[in-house]
Amino acid sequence: MSVERKHYCVTCGRPFPSGQGIIIKIGDEVLEFHSSRCFAKFAKSLIERIPHDEIKGYVRKVREEYEELLEQKRKTRAKRII
Ligand SMILES: [Zn+2]
C-alpha cells in the first residue's frame with residue numbers, strides 16, 4: 001500500500017509520483033508539472049502575459065546570471081585545454 005501523495009500536472013492533468021516532475025512553490029500557490037515540456041509550456045504562457053515593464057528587470061538579471069555561468073564554464077574549459 002502506498003501512502004505516497006500523487007501529484008497532478010497543471011498543464012496536461014497527468015498524475016505523477018513524488019520525486020518526479022517539477023514542483024514549484026510561488027507564495028501560497030503550488031504548481032506541479034509532470035515533465036519539463038509541460039513546465040515550459042506553462043512558463044511560456046505565464047511569461048507572455050506579464051507586462052513587459054514589470055518583468056524586464058528580472059529577465060535582464062536572470063540572463064546576466066546565465067551569461068556569467070557560461071563565461072565561467074568557458075574559462076574552465078580553456079584552462080583544461082592548456
Ligand atoms: Zn504534463
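The values are calculated or read from the model by the stated rules, or taken from the named source; none is laboratory data. None of these values were measured; they are calculated from a predicted model. As a convention, Cβ positions derive from the backbone with ideal geometry for all residues, glycine included, and neighbour counts pool all protein chains shown.
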### Message
Every residue in the range 6-16 that is of a type outside the set (G, A, S) and at pLDDT 95 or above, please.
### Response
H7, Y8, C9, V10, T11, C12, R14, P15, F16
### Query
Restricting the search to the range 5-45, which residues are in a strand (DSSP E or B) and in contact with a helix residue (DSSP H, G or I) (Cβ under 9 Å, 6 or more places away or on another chain)?
I22, I24, L31, F33
## Note on the structure
G27 passes all but one of the listed conditions (1) surrounded by 12 or more Cβ atoms within 10 Å (Cβ to Cβ); (2) at positive phi; the exception is number (1)
### Query
What number of residues within the range 34-54 satisfy the criterion of being touching a Ser or Thr at 6+ places or on another chain (Cβ under 6 Å) and closer than 19 Å to K6 by Cα?
1
### Task
Check whether at least one residue in the range 20-30 is in contact (Cβ under 8 Å) with a residue 24 or more places away in the chain and of a type outside the set (K, R), and report yes or no.
no
### Message
Could you check the range 46-60 and list, in sequence order, the residues that are surrounded by 10 or more Cβ atoms within 10 Å (Cβ to Cβ) and out of contact with any helix residue (DSSP H, G or I) (no Cβ under 8 Å at 6 or more places or on another chain)?
### Response
L46, I50, K56, Y58, V59, R60
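Table: residues versus (1) of a type in the set (A, V, I, L, M, F, W, C); (2) at pLDDT 95 or above; (3) within 16 Å of the ligand (Cβ to nearest atom); (4) under 17 Å from the mean Cα position of the chain (by Cα).
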site: I23; (1), (2), (3), (4): yes, yes, yes, yes
site: G27; (1), (2), (3), (4): no, yes, no, yes
site: S36; (1), (2), (3), (4): no, yes, yes, yes
site: F39; (1), (2), (3), (4): yes, yes, yes, yes
site: G57; (1), (2), (3), (4): no, yes, no, no
site: K61; (1), (2), (3), (4): no, yes, no, yes
site: L69; (1), (2), (3), (4): yes, yes, no, yes
site: K75; (1), (2), (3), (4): no, no, no, no
site: K79; (1), (2), (3), (4): no, no, no, no
